[in-house]
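Step one of this worksheet: look at the structure below.
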């Protein structure tokens, strides 16, 4: 767990601070070094098809991908915990109705939701993480609801009710702290899913838009130029793999710890 955490922290730190130490900006064009191989002049990892520094674009793209993933995961956490806690506490017909809404949203094609949002409101990075967050909260809601139902009849909850504590105080003070570990574990498992979704949307041209970049855009550009510049696909691909492996492993370790 410590190694995974250190590796993930290192990736985030380099993505945040790395662009400050590079001469080139992610959108600066060097017309004298189009499709330059690695170690060409001041371009450590070469350039892309229009002469933009690949290292700078990869670092900024990693930052954007992680930022979108973190924002979407927080949307999923807030909405999922609120929905699941309400359903689990109320129970009965209210619980049944709320979970049927979750089931209905599960049946909607995710891409349809994202495309509909972009048609109505236009393309923006805000809509990317809102659209992803609107779908990813469903699993969180189910997990939190199950935990709430298991805690609903516990002695400390019954004692708090007998003492005259209101439902909001009981849920916030007594129940949510007991499910925080499980919620955080599933939040960490949600982030790699969001990273993959964002990368996939950007790969299709539905996510982050040029001149801004993300790992999905870099993978698309690298795949298009793989025959003439295979190095353009290597760096973003390795970083994406490391992020996904670290986040997934950290989430699995926390999930096993709190659900054992």
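Can residue 217 be described as in contact with a helix residue (DSSP H, G or I) (Cβ under 6 Å, 6 or more places away or on another chain) and within 29 Å of residue 83 (Cβ to Cβ)?
Spelling it out, it is not the case that residue 217 is in contact with a helix residue (DSSP H, G or I) (Cβ under 6 Å, 6 or more places away or on another chain) and within 29 Å of residue 83 (Cβ to Cβ).
Quick check: anything in the range 145-165 under 23 Å from residue 64 (Cα atoms), in a helix (DSSP H, G or I) and touching a residue at least 60 places away in the same chain (Cβ under 8 Å)? I'd like the intermediate steps shown before the answer.
Within the range 145-165, the subset under 23 Å from residue 64 (Cα atoms) is none.
Within the range 145-165 (the criterion being under 23 Å from residue 64 (Cα atoms), in a helix (DSSP H, G or I) and touching a residue at least 60 places away in the same chain (Cβ under 8 Å)), the answer is no, since none of the residues qualifies.
Go through 171, 157, 182 for me and flag whichever is in contact with a helix residue (DSSP H, G or I) (Cβ under 9 Å, 6 or more places away or on another chain), closer than 19 Å to residue 253 by Cα and modelled with pLDDT of 80 or more.
Values: 171 fails: closer than 19 Å to residue 253 by Cα; 157 fails: closer than 19 Å to residue 253 by Cα.
When all the criteria are applied, what remains is 182.
Suppose we filter 56, 73 for residues that are buried (at least 22 other Cβ atoms within 10 Å of the Cβ), touching a helix residue (DSSP H, G or I) at 6+ places or on another chain (Cβ under 8 Å), without any contact (Cβ under 8 Å) to a residue 40 or more places away in the chain and part of a helix (DSSP H, G or I); which single one remains?
56
In this structure, does residue 222 turn out to be touching a residue at least 12 places away in the same chain (Cβ under 8 Å), part of a helix (DSSP H, G or I), touching a helix residue (DSSP H, G or I) at 6+ places or on another chain (Cβ under 9 Å) and surrounded by fewer than 21 Cβ atoms within 10 Å (Cβ to Cβ)?
no
Taking residue 149 and the conditions (1) modelled with pLDDT of 85 or more; (2) surrounded by fewer than 16 Cβ atoms within 10 Å (Cβ to Cβ); (3) out of contact with any helix residue (DSSP H, G or I) (no Cβ under 6 Å at 6 or more places or on another chain), which numbered condition does it fall short on, given that it satisfies the others?
In the conditions (1) modelled with pLDDT of 85 or more; (2) surrounded by fewer than 16 Cβ atoms within 10 Å (Cβ to Cβ); (3) out of contact with any helix residue (DSSP H, G or I) (no Cβ under 6 Å at 6 or more places or on another chain), residue 149 misses (3) alone.
Take the residues in the range 24-41 that are touching a strand residue (DSSP E or B) at 6+ places or on another chain (Cβ under 8 Å) and farther than 18 Å from residue 212 by Cα, then tell me which one is surrounded by the most Cβ atoms within 10 Å (Cβ to Cβ).
Looking at the filtered set, the residue picked out is 36.
The values are calculated or read from the model by the stated rules, or taken from the named source; none is laboratory data. If you're wondering where the values come from, they're calculated on a predicted model, not measured in any experiment. We place every Cβ from the backbone using ideal geometry, glycine too, and count neighbours over all the protein chains shown.
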